[in-house]
Amino acid sequence: VDEATITAWQDPDDSDGDGISGRAQITLDPQTGDIRLGRFGWKAGATSLKHQIAGALNSDMGVMTSVLPTPDCGPLQTSCGNTEGSELADEYLDDLVKYVALLGVRARRNLDDPKALEGEKIFSELGCSACHRESMTTSEFYPLAELRHQTIHPYSDMLLHDMGEGLADNLGEGQASGAEWRTTPLWGIGLAQGVSEGTGEDYKPGSGFLHDGRARTID
């Protein structure tokens with residue numbers, strides 16, 4: 001999605017008085033050194049899918065890439081370092097990016113269900129759609145032709161919103177404070193619990209919903 005589309009939705013000072021004050025996360029692109037819009041991650045700290053995946057490899061798995069060749073060392077790690085450079089070839093990183101980029105989103109269900117349609121109406125009347133925007137259009141210049149100029153329905157504005165101290169953590173990221181979170185996309189959320197928890201004998205409660213995953217159920 002074009003950066004201009006997302007930044008146009010900014011209103012950090014709530015100048016229109018609608019109670020919504022989203023703002024863009026601006027962060028460093030580790031590949032180019034440019035300052036760009038962040039859009040991936042809980043606090044939109046990554047500028048691109050490659051940046052997000054490289055960050056997960058680095059911080060979660062300790063795997064260095066050409067994008068992030070330096071370990072994510074904590075302040076108490078005195079012997080943390082990397083003198084060997086990238087541990088994963090760029091071709092494999094690109095394969096990961098392509099795989100994740102082309103993961104399909106399940107089609108919307110219950111299109112004619114009266115209860116679902118009433119829920120959609122309430123969702124809009126309550127103002128949820130002011131942040132969880134129903135649709136946006138992808139750029140015509142995306143490298144993968146399958147994803148160019150597509151109308152998508154992520155139900156997000158990709159902006160940061162201050163959710164208050166009750167929903168805060170103590171971890172800022174980039175320009176985001178501990179209380180700010182990127183609007184979580186809602187597409188496919190009705191299937192999330194079954195996917196993450198399993199069903200029947202395999203059922204294990206503990207799905208993560210809400211902006212930081214602390215809610216256990218959609219309700």
Just name the residue that is most open to solvent (accessible area, probe 1.4 Å) out of those in the range 22-76 that are farther than 26 Å from L159 by Cβ and outside any loop (DSSP other than H, G, I, E, B). M61
Can you name the residue in the range 1-21 that is of a type in the set (D, E, K, R) and surrounded by 14 or more Cβ atoms within 10 Å (Cβ to Cβ) and, of all such residues, is farthest from H153 (Cα to Cα)? D11
Which of the residues spanning the range 106-116 are of a type outside the set (K, R), in a helix (DSSP H, G or I) and exposed (fewer than 12 other Cβ atoms within 10 Å of the Cβ)? P114
Taking the range 67-91 on its own, how many of its residues are in contact with a Ser or Thr (Cβ under 9 Å, 6 or more places away or on another chain) and modelled with pLDDT of 95 or more? 4
Which one of the conditions (1) hydrophobic (A, V, I, L, M, F, W, C); (2) open to solvent by 50 Å² or more (accessible area, probe 1.4 Å); (3) over 23 Å from G22 (Cβ atoms); (4) modelled with pLDDT of 80 or more does L210 fail to meet, given that it meets all the rest? (3)
Could we say that E84 is without any contact (Cβ under 8 Å) to a residue 40 or more places away in the chain, open to solvent by 100 Å² or more (accessible area, probe 1.4 Å) and over 17 Å from the mean Cα position of the chain (by Cα) here? yes
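Picking from V97, V1, which residue would you name as being part of a loop (DSSP other than H, G, I, E, B) and of a type in the set (A, V, I, L, M, F, W, C)? Even if it seems obvious, please write down each step before you answer.
Details: V97 fails: part of a loop (DSSP other than H, G, I, E, B).
Checking each option against the conditions leaves just V1.
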Test L103 against the criterion of being of a type outside the set (D, E, K, R), surrounded by 11 or more Cβ atoms within 10 Å (Cβ to Cβ) and on the phi < 0 side of the Ramachandran plot, and give yes or no. no
For the range 171-183, what are the residues that are in contact (Cβ under 8 Å) with a residue 60 or more places away in the chain, open to solvent by less than 50 Å² (accessible area, probe 1.4 Å) and not hydrophobic (A, V, I, L, M, F, W, C)? E180, R182, T183
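Rundown of residues vs (1) modelled with pLDDT under 95; (2) of a type in the set (A, V, I, L, M, F, W, C); (3) buried (at least 16 other Cβ atoms within 10 Å of the Cβ); (4) in contact with a His (Cβ under 6 Å, 6 or more places away or on another chain), yes/no style:
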| residue | (1), (2), (3), (4) |
| --- | --- |
| K121 | no, no, no, no |
| F141 | yes, yes, no, no |
| L160 | no, yes, yes, no |
| G166 | yes, no, no, no |
| P185 | yes, no, yes, no |
| G194 | yes, no, no, no |
| G200 | yes, no, no, no |
| R214 | yes, no, no, no |
Any idea which residue in the range 135-170 is nearest to A215 (Cα to Cα), counting only those that are free of Cβ contacts under 8 Å to residues at least 12 places away in the same chain and either of a type in the set (F, W, Y) or part of a loop (DSSP other than H, G, I, E, B) (or both)? A168
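The values are calculated or read from the model by the stated rules, or taken from the named source; none is laboratory data. Worth saying up front: this structure is predicted, and the values here are computed from it rather than measured. Using ideal geometry, Cβ is built from the backbone for each residue, glycine included, and neighbour counts are taken over all protein chains shown. The accessibility values were calculated without ligands, DNA or RNA, using every heavy atom of the protein model including side chains. Shrake-Rupley method; radii C 1.70, N 1.55, O 1.52, S 1.80 Å.
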